[in-house]
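K.L.:
Supplied in structure tokens, the structure appears directly below.
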Amino acid sequence: NQLLMVMEYVEGTTLDERTKAGRIPLEDAISYIMQALSALGYAHKHGVIHRDIKPANMMLTPDNVIKLMDFGIAKSKADKKLTQTGTTMGSLFYMSAEQVQGNELDGRSDLYSVGVSLYELVTGSRPFQGKSDFDIMVAQMQQVPMAPIQMMPDLPKALNDIIMISLEKDPARRFQSAEAFSAALGSITQALHATPLQAGVGGAATAFSTPTLQASATGMM
């Protein structure tokens, strides 16, 4: 007469652990994030906001498939109560300004966290650092992160622009859906396939412009 929960066993390693093993190839990093966005898009369509997106909650299986993990503090749009469970130091690095402030959240907050995760996978460091929780929270609300291309001059400018759009403080200036974010990254992947990264970073970047990406970010709900 006892209740039990049966969950899928996911074999693999988290992207957080994977980054510690060495730099992830650019195409792989984009693929992993696009897979995470696919999972998020499904969750958002069903009214579920994850609220704790970070590389430590993205599991990479031996088949190179990303599984989005730990919906333990996920919030339904119908649930108006904001719980504090799981608001750890690790999560603060990935929180949107509106989440730090305790404001009402929608899927765009998750997309900000995806942007922070992509920044970390691409550059090897997080966009915001601090000696205390307070420092990080202030940074999330007020600081403009260093552009990834300043750390990696060979990075396609279009990818740099995508990351910076995803890290906008104002949700209205970010990608408005997981599908819009993923479509922008898909364009980068196509350009990388068309032009080898080592010889054609500039060529890949020139296929896109910030105004085009901005329209993509704001045009899809």
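K.L.:
Tell me the GluC sites (Glu not before Pro) within region 87-195 that lie in a loop according to DSSP and have at most 12 other beta-carbon atoms within 10 Å.
P.N.:
Hits after loop and neighbour filter: 104.
K.L.:
On to the next question. Would you kindly derive the ³J(HN,Hα) couplings of region 55-65 from the backbone phi angles with the Karplus curve 6.51 cos²θ - 1.76 cosθ + 1.60 (θ = phi - 60°), listing them in order in whole Hz, with x for Gly and Pro?
P.N.:
Going residue by residue, I get x, 5, 10, 10, 9, 9, 7, x, 8, 6, 9 Hz, with x marking Gly and Pro.
K.L.:
Keeping all protein chains in place and using 1.4 angstrom, which order do 163, 149 fall into by accessible surface area, from largest down?
P.N.:
149, 163
K.L.:
Could you give the length gained by full extension between residue 129 and residue 21, i.e. 0.36 nm per residue of separation minus their alpha carbon distance, to one decimal place?
P.N.:
Working: separation 108, 0.36 × 108 = 38.88 nm, distance 2.10 nm.
Extra length available between residue 129 and residue 21 comes to 36.8 nm.
K.L.:
Give the accessible surface of region 1-51 per residue, rounded to a whole number of Å², with probe radius 1.4 Å and ligands, DNA and RNA excluded.
P.N.:
Ligands and nucleic acids excluded, the figure is 66 Å² per residue.
K.L.:
For residue 38 and residue 194 in the same chain, what is the full-extension length gain: residue separation times 0.36 nm, less their Cα-Cα distance, in nm? If you can, show how the numbers build up before the last one.
P.N.:
Numbers: separation 156, 0.36 × 156 = 56.16 nm, distance 2.36 nm.
This chain segment gains 53.8 nm when fully extended.
K.L.:
Another question, then. For region 11-62, which GluC sites (Glu not before Pro) are both in a DSSP coil and crowded by at most 13 other Cβ atoms within 10 Å?
P.N.:
Sparse-neighbourhood loop GluC sites (Glu not before Pro): 11.
K.L.:
Which value in nm describes the separation of the simple spin-label points at residue 143 and residue 69, placed 7 Å from the Cα toward the beta carbon?
P.N.:
If labels sit at residue 143 and residue 69, their model points lie 2.8 nm apart.
K.L.:
With θ set to phi - 60° and the Karplus curve 6.51 cos²θ - 1.76 cosθ + 1.60, what are the ³J(HN,Hα) couplings of region 107-114 in order, to the nearest whole Hz, using x for Gly and Pro?
P.N.:
x, 5, 5, 4, 5, 4, 4, 5
The values are calculated or read from the model by the stated rules, or taken from the named source; none is laboratory data. Quick caveat: nothing in here was measured; it's all calculated off a predicted structure. A quick note on method: Cβ atoms are made from the backbone with ideal geometry, for glycine too, and the neighbour counts reach across all protein chains shown. Just so you know, the surface numbers come from the protein's heavy atoms only, side chains and all, with ligands and any DNA or RNA stripped out. Shrake-Rupley method; radii C 1.70, N 1.55, O 1.52, S 1.80 Å.
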